[in-house]
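What follows is a short report on a single structure.
What follows draws every value from the coordinates through simple rules; no lab data is involved. In this text, all values refer to a predicted model and were calculated from it rather than measured experimentally. Quick reminder, even Gly has a Cβ in these numbers, built from the backbone with ideal geometry, and neighbours come from all protein chains shown.
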Amino acid sequence: MKRKVWFILPAITLILSGCAMLQSVIKSTFPYTTNLEIPRSSAVGVEISVTGMANSFDQDFKKDGNNADKVSEVRMESARVESREPHDFNIGNLTSLKVFMSKVDGTDEVLVASRTDITAGLGNVMILDIDNTHQLEKMVRQEKVRIRMVYKLRNHINVDAHLHIVLGLGAVPSRN
């Protein structure tokens, strides 16, 4: 009987740690995404702020709540911006762009990515410089996160531009 307990105990520990490992892989695999609009009425040379809600694909796979408590040390790993509509919108029409993440109510806001040296002829995709000094565990425990984008236009635009923001997070299994 004692022999079975010593065999079962490590197996259970391995399975439970595997769940945390699985959650950290999921959080690191599926990015948070949102679509934000730059209205054609935006002023040139002035910082303008737009907000939207972002969520991650893995939020669809929760059971009895969010499994985010199984991950820790959640940090920004990658960030990019893509033009969606029009697809060929030149992101080089912007001179700078900053992306902030916060809880849905706007609390605990932190800068997660930015770019201040945007080239005029950049094209429709841009990789952002990330700020991975902030722990984002409080954010991923939420069903959604609030994204605030602050941008400055280089030139007047003739169309409402819809940008798709993709924020990749990295996580490690929680020790709990």
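Packing here is the average count of other Cβ atoms within 10 Å per residue, and on that basis the peptides 124-133, 109-118, 41-50, highest first, run 109-118, 124-133, 41-50. The stretch between R154 and E37 holds 40.5 nm of extra length on full extension. This uses 0.36 nm per residue minus the Cα-Cα distance. Stretching the chain fully between V44 and D88 yields a gain of 13.8 nm (0.36 nm per residue, less the alpha carbon separation). Near L128, the amide H atoms lying under 5 Å from its own belong to A79, R80, V81; only residues 5 or more places off or on other chains count, and H is placed 1.01 Å from N. Between V172 and R141, what is the FRET efficiency for a Förster distance of 25 Å, r being their Cβ-Cβ separation, to the nearest 0.05? Once the sixth-power term is evaluated, E becomes 0.95. Residue by residue, the range 32-40 carries 3J(HN,Hα) couplings of 8, 10, 7, 10, 10, 10, 9, x, 5 Hz when phi is fed to the Karplus relation 6.51 cos²θ - 1.76 cosθ + 1.60 (θ = phi - 60°); x denotes Gly or Pro. Amide H contacts for H134 (H built 1.01 Å from N in the peptide plane; partners 5 or more residues away or on another chain; cut-off under 5 Å): M76.
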